[in-house]
Protein chains: 2
Amino acid sequence: MQFENAMTQTTSKPSQHPARAQEIIAVAQSLIQSRGYNGFSFRDIADTVGIKSASIHYHFPTKSDLAVAAAADYRAKFLEILADIATQNLTGVRELQAYAGVFEITLERSGNVCLCGVLASEFESLTDDVRGEVDRFFKDQSVWVARAIRKGQADGEIQSTIDAEAFAPAYVSGLEGAMIIARSTQSVDHLRSAANQYLNLIKV
Amino acid sequence: MQFENAMTQTTSKPSQHPARAQEIIAVAQSLIQSRGYNGFSFRDIADTVGIKSASIHYHFPTKSDLAVAAAADYRAKFLEILADIATQNLTGVRELQAYAGVFEITLERSGNVCLCGVLASEFESLTDDVRGEVDRFFKDQSVWVARAIRKGQADGEIQSTIDAEAFAPAYVSGLEGAMIIARSTQSVDHLRSAANQYLNLIKV
DNA sequence: TAATATATATCTAGTAGTAGATAGTTGTTA
DNA sequence: TAACAACTATCTACTACTAGATATATATTA
């Protein structure tokens, strides 16, 4: 996947050479996804990247700035993946299956859960900047899923009685919750099964 | 609600006079539910309870011990509430609505999310003891929900094609995820709506 | 071209503050 | 008196973060 938008940061420092900044973001994302926002330190990142913790502050003045960048990057990349799925000429149901597949593959390959799901569960200890990014993520997701549902309805494979705008956030929520619980119960199947349950119920 | 089982702890110190220990557990639960396991300190609890942080170690030698006690107590109390619902002679669907209501009321009144949902999202930074408690919680929940679903099916108000054992964890996961996202989007309605979506889909 | 200036990205060394945890002491209660 | 439950005082390790120096690369100017 390509690095596109590191300048989404509201903070000052632009950082002309984004390779290292991106590297820091990637490690931060992985650490947040496995241990949470309050579960990692600048030193953890520094040790992994191979620099000193003080050097991270050059790229991201505060931990909040880093989290904002990590969440913004995560959101952007997720949107790219979804845009890619939408160009594959799939049916609505297949798109929703592919959507769930993104969650499943993440959990399967890395053992990590959704970055914004983790941040949301620590919501009270986040700055407003990070909260905003988390909020935007979930809005993104619901919009994309609602579109896929309507597509499936137009093709006659999803029940027309379903309210796409109401079911979309429920589908997203279900996958987020199932992903988090799946990790704690050591079974990707928990997530896969939940996704199938939701989908089977809305199919004609 | 009554304090029942503080001795579920695997650790040594029994603490004959459980009032203060229970007070500490209650504050710890609230802090975990709002800021996460890594988002609070012994000093936070001490300041709220009105003792010194060192005194907490008398009741709970380590932070992990405290988290285990908090999770075990949470699980026990949740089971009491569910047992209470089950004695109210409700239909299966009404029981499932009451179940969702427990989540909604918690979020509405305290702004807090499910303790075990939070812990699960920080899973990688938990000790095995805490992990076990979290795991047990979700097993509990699925068992109770599956029973309610089968009850609804027996009464003919829930579709007989639904696999109760497979849908139960999906329902629990959905409510957990919706609860976490609802807080981050500042709307209890997000949770209420998701609960209704799931239920409407399985009704006859 | 050579000298100068600026920017980038890192370092070392340090700040004040907080984390969980421990040892030993004191008052209180059964 | 003995158990309990708190205390004071302290420890080590770590937290995010900062100041100032340095090396290197890139521009700009004499």
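The values are calculated or read from the model by the stated rules, or taken from the named source; none is laboratory data. Worth saying up front: this structure is predicted, and the values here are computed from it rather than measured. No Cβ is skipped: glycine too gets one built from the backbone with ideal geometry, and neighbour counts run over all protein chains shown.
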If you scan segment B:156-187, which residues turn out to be among the charged types (D, E, K, R) and within 9 Å of chain A (Cβ to nearest Cβ)?
B:D163, B:E176, B:R183
Against the conditions (1) free of Cβ contacts under 8 Å to residues at least 40 places away in the same chain; (2) away from DNA strand D (no atom under 14 Å from the Cβ); (3) not small (G, A, S), where does B:I45 fall short? Just the number, please.
(2)
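Given segment B:103-204, what helices (runs of 4 or more DSSP H) lie entirely inside it while holding 2 or more residues that are of a type in the set (F, W, Y)?
Where helices (runs of 4 or more DSSP H) fall fully within segment B:103-204 and carry at least 2 residues being of a type in the set (F, W, Y), they are B:128-154, B:164-184.
Of everything in segment B:48-71, what is away from DNA strand D (no atom under 11 Å from the Cβ) and within 22 Å of B:R136 (Cα to Cα)? Give them in sequence order.
Result: B:T62, B:K63, B:S64, B:D65, B:L66, B:A67, B:V68, B:A69, B:A70, B:A71.
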Just one of (1) assigned to a loop (DSSP other than H, G, I, E, B); (2) closer than 14 Å to B:V134 by Cβ trips up B:P61, so point out which.
(2)
Go through A:I56, A:I32, A:I25, A:I45 for me and flag whichever is surrounded by 14 or more Cβ atoms within 10 Å (Cβ to Cβ), part of a helix (DSSP H, G or I), modelled with pLDDT of 90 or more and over 21 Å from the mean Cα position of the chain (by Cα).
A:I56
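Out of A:D135, A:D155, A:D140, A:D129, which single residue is under 17 Å from A:Q97 (Cα atoms) and of a type in the set (D, E)?
Result of the check over A:D135, A:D155, A:D140, A:D129: A:D155.
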